[in-house]
Each structure stands twice: as structure tokens, then as C-alpha cells.
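Contents: one structure, followed by commentary.
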Amino acid sequence: MRRPNSIVIAIDGPAGAGKSTVAKLVAKRLGYLYVDTGAMYRAVALKALRLGMDINDEVMMSQLAQMTDIALRQQSDGNVQVLLDGEDVTEAIRTPDVSEASSVVSAHLGVREALTAKQRLLAEQGGVVMEGRDVQTVVAPDAEVKIFLTASLEERAKRRWLEMRQRGVDIPYEQVLQDLKERDERDSTRSVAPLRKAPDAVEIDTTGMTIDEVVDKIVELARQKAISLKGVKEG
Ligand code: DC
């Protein structure tokens, strides 16, 4: 059994619900490692693109995922550095090309198995906040705290639209809304790791909540869980 002060918190939810922002801040508050599982799929995709490999080739991609070293290094500011075979690729994995390729790569079962194994090793140590599509059901089904973060479609679209405008991207709100709607549909109906709330997950609807309020709520749930586990251990 894990130490009560080093539990696993698994966070998932639809696109635009603020998972990454919240997961990162919760990890920082608790002194935990933030495990961005999507970043690991992105790292494999980046390596494949650089090597000029066919990302649709399941066998090749699975072998590549197995023989790739991906490490996450916690920075003092709460951010996490992604190391691909020792090289810092934190920025390089965020391009549109890599986003596109990671979506293809993550649909291969062999790739998922290889990365799930790496993610489970991290979960076993405890003291982690894991974020991603299958963390609550496949990677860490025993996670002590499971959070399903949601917000209304309109709120998520508004947040994304504002964020894009801040980055200088000029796009109509209606288009962001439509894109998100389509992505929700695709995410929840895809055959590999569809978006689904785990039966024992706590759903937090963040519509109208500030980021700090959401973080406070999750940290409180984690503290309560840690206290109850301590009671079990000592009792
Ligand atoms: O969350 P993200 O955009 O960084 O994820 C990159 C891709 O990997 C995206 O297509 C979703 C996929 N992914 C996945 O299939 N399973 C995970 N646990 C995390 C991400």
C-alpha cells in the first residue's frame, strides 16, 4: 500500500475543461509530480516525425514507443520538463504537426500498452497527479482520488476563444464552439480509450468557478482521502 501522503490523483474530462492548468497547480500545491500522459504520446509522435517514419504503421510505432525513453522532470516553478531520450522537448511537442500525429499514434494499441506501462511505474511511486484520457480506468484504476472535470460547452468554448485571442489568434467564437462540439463527439465515441467518467470519479462542474476554487476543492478532497487512509493504516 502507498504512503497516505503520496496518493494518486487522476484527472480527466472533456477538452477545454482546464485539466492541465488545474492538474499542474494541484501538483504544485501538494508537492506531487504532474504526469501529463498526453505529453508522452506527443513525445513518441515527435520522434516518429523526426525519423520520417510512417505514423500509421502500428507495428513500427509500437516498437518505437517501447524503445523510447521518456522522462518527466519536475521544475521548481511547478512546470514539468519532458525529456525524449534525454533531450528537452517540452516546447517541440506543442506544434500543430505533433498534435495531429499524436492523435494518430495514440490510437495504436501497442503504443498505448508501451506508454501505459511507463505511466504505471510512475503511478506506483505515488505522489502524482495524472492527467489523461485513460488514467482513471486503465493506467491507475486504483487511484485514491479521481476527478472528472467538466464545464458547459459554452463556457469551455468561451475559455478557449479568450485564450486564443490572447495568443493573437483571430477566430470567431462560433467556430471555436463548433470545433469543440465535434471534438466532444469524437472523443466520446472513439473505439480506443473513449472519454468516459469512471463510476467512482467525483465530477466537478467548473462552470462559473475560478481556477483557484477548483484547485482548492481537489486539494481538499486529496487531504480528506489522505486522512482517511491514515486512519485505516493506524486503526
Ligand atoms: O492531451 P494532449 O492533446 O496533449 O494529448 C495528445 C494526444 O494523445 C491526443 O490525441 C490525445 C491522446 N492521449 C491519449 O490517447 N491518451 C492519454 N492518456 C493522453 C492523451
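The values are calculated or read from the model by the stated rules, or taken from the named source; none is laboratory data. Since we're looking at a predicted model, the values are computed, not measured. Cβ atoms come from the backbone with ideal geometry, glycine included; neighbour counts cover every protein chain shown. The accessibility values were calculated without ligands, DNA or RNA, using every heavy atom of the protein model including side chains. Shrake-Rupley method; radii C 1.70, N 1.55, O 1.52, S 1.80 Å.
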Expressed in angstrom and ordered largest first, the alpha-carbon extents of the chain along the principal axes are 57, 43, 35
Phi-based couplings in Hz for the stretch 137-154 (Karplus 6.51, -1.76, 1.60; Gly and Pro marked x): 10, 10, 5, 9, x, 8, 3, 5, 10, 10, 10, 10, 8, 10, 6, 4, 4, 5
With only helices counted (DSSP H, runs n ≥ 4, each -39500 (n - 2.57)), the per-residue ellipticity at 222 nm for the chain, to the nearest 500, works out to -16000 deg cm²/dmol
Out of the total accessible area of the stretch 69-194 (probe 1.4 Å, heavy atoms of protein only), what percent is carbon and sulfur? 48 percent
Once amide H atoms are built 1.01 Å from N in the peptide plane, which residues 5 or more positions from Val80, or in another chain, come under 5 Å H to H? Gln75
Given the candidates Leu51, Ile211, Met40, the one whose Cα lies deepest towards the positive end of the charge dipole of the chain, counting +1 at each Lys or Arg C-beta and -1 at each Asp or Glu C-beta, is Ile211
Spread of Cα-to-Cα distances over 10 Å intervals beginning at zero, given as percent, for the stretch 136-235: 13, 31, 33, 16, 5, 1
Any idea of the accessible area per residue across the stretch 104-200, 1.4 Å probe, to the nearest Å²? 54 Å²
Dipole moment magnitude, nearest 20 debye, the chain about Cα centre, only Lys, Arg, Asp, Glu C-beta charged: 620 debye
State, as an integer percentage, the relative contact order of the chain based on alpha-carbon contacts under 8 Å between residues 6 or more apart. 32 percent
Taking the C-alpha atoms of the stretch 75-128, convex hull volume expressed per residue in Å³: 110 Å³
Under a point spin-label approximation (7 Å from Cα along Cα-to-Cβ), what is the Glu203-Lys230 distance to one decimal in nm? 3.2 nm
Which whole-Hz ³J(HN,Hα) couplings does the stretch 68-73 yield from phi under the Karplus relation 6.51 cos²θ - 1.76 cosθ + 1.60, θ = phi - 60°, glycine and proline marked x? 9, 9, 10, 10, 10, 10
By how many nm would the segment from Met53 to Asp142 grow when fully extended, if each residue of separation counts as 0.36 nm and the alpha-carbon distance is taken off? 28.5 nm
Could you list which residues have their amide H under 5 Å from that of Lys146, counting only those 5 or more apart in sequence or on another chain, with H placed in the peptide plane? Ala10, Val202
Percent of Cα pairs exceeding the 17 Å cut-off, where the set is the stretch 45-97: 42 percent
Do you know the relative contact order of the stretch 134-235, to the nearest whole percent, from alpha carbon pairs under 8 angstrom that are 6+ apart? 38 percent
Which Cα, out of Pro14, Ser106, Leu30, lies furthest along the positive dipole direction of the chain (beta carbon charges, K/R +1, D/E -1)? Leu30
Per the Cα gyration tensor, the stretch 1-132 corresponds to an equivalent ellipsoid with semi-axes, largest first in Å, of 25, 16, 14
Positive-end residue, the stretch 106-187 charge dipole about Cα centroid, Cβ charges, pick of Leu177, Leu115, Met164: Met164
Using the beta-carbon distance between Glu185 and Ser99 and R0 = 22 Å, what value does 1/(1 + (r/R0)^6) give for FRET efficiency, to the nearest 0.05? 0.75
Share of Cα-Cα pairs in the stretch 125-191 beyond 20 Å, whole percent, is 47 percent
Out of the stretch 63-102, which GluC sites (Glu not before Pro) are coil in DSSP terms and have no more than 12 other C-beta atoms within 10 Å? Glu91
Give me a comma-separated list of calculated 3J(HN,Hα) values for the stretch 216-229, in order, Karplus coefficients 6.51, -1.76, 1.60 applied at θ = phi - 60°, integers in Hz, x for any Gly or Pro. 4, 5, 5, 4, 5, 4, 5, 5, 4, 5, 4, 5, 5, 5
List every residue whose amide H lies under 5 Å from the amide H of Val35, counting only residues 5 or more places away in sequence or on a different chain, with H placed 1.01 Å from N in the peptide plane. Val129, Met130, Glu131
